[in-house]
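First comes the structure, then the notes that go with it.
The values are calculated or read from the model by the stated rules, or taken from the named source; none is laboratory data. These numbers were taken from a predicted model, which means no experiment stands behind them. When we count neighbours, we look across all protein chains shown, and the Cβ atoms used for this are built from the backbone with ideal geometry, even at glycine. Please note that ligands, DNA and RNA were not included when accessible areas were found on the heavy atoms of the full protein model with its side chains. Shrake-Rupley method; radii C 1.70, N 1.55, O 1.52, S 1.80 Å.
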Amino acid sequence: MFTITEIYRIVNAERLDLDWDTLVEEAFETYSKLSQSRQSEFNALVKRAISQCQADFDSFPESYQTKEDVEDLDEIIDVIKEKLETIFADFLE
């Protein structure tokens, strides 16, 4: 299945309207092996995750010029990953 980092990258790429199949190749290989119904379920969860995490994504620091900015970003990513762990529980390793 997927790691939480792969899930985070997929959700973030989808949020930014990027083709994640080339950005997260190993995850795309895993996704490709899922049945069509599981792919549909996964796709729905990605949309749900974007919706539920949008405020967190929007709170990313505008720049990463200080140690505090980087620490803030790390904290926000950790919060997002916690939410993703709950949403994608059936798809995590």
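Here are some notes:
- Test result for residue 10, touching a strand residue (DSSP E or B) at 6+ places or on another chain (Cβ under 7 Å), under 13 Å from residue 80 (Cβ atoms), open to solvent by less than 80 Å² (accessible area, probe 1.4 Å) and modelled with pLDDT of 95 or more: no
- Residue within segment 65-87 that is open to solvent by 80 Å² or more (accessible area, probe 1.4 Å), touching a strand residue (DSSP E or B) at 6+ places or on another chain (Cβ under 9 Å) and closer than 15 Å to residue 2 by Cβ present: yes
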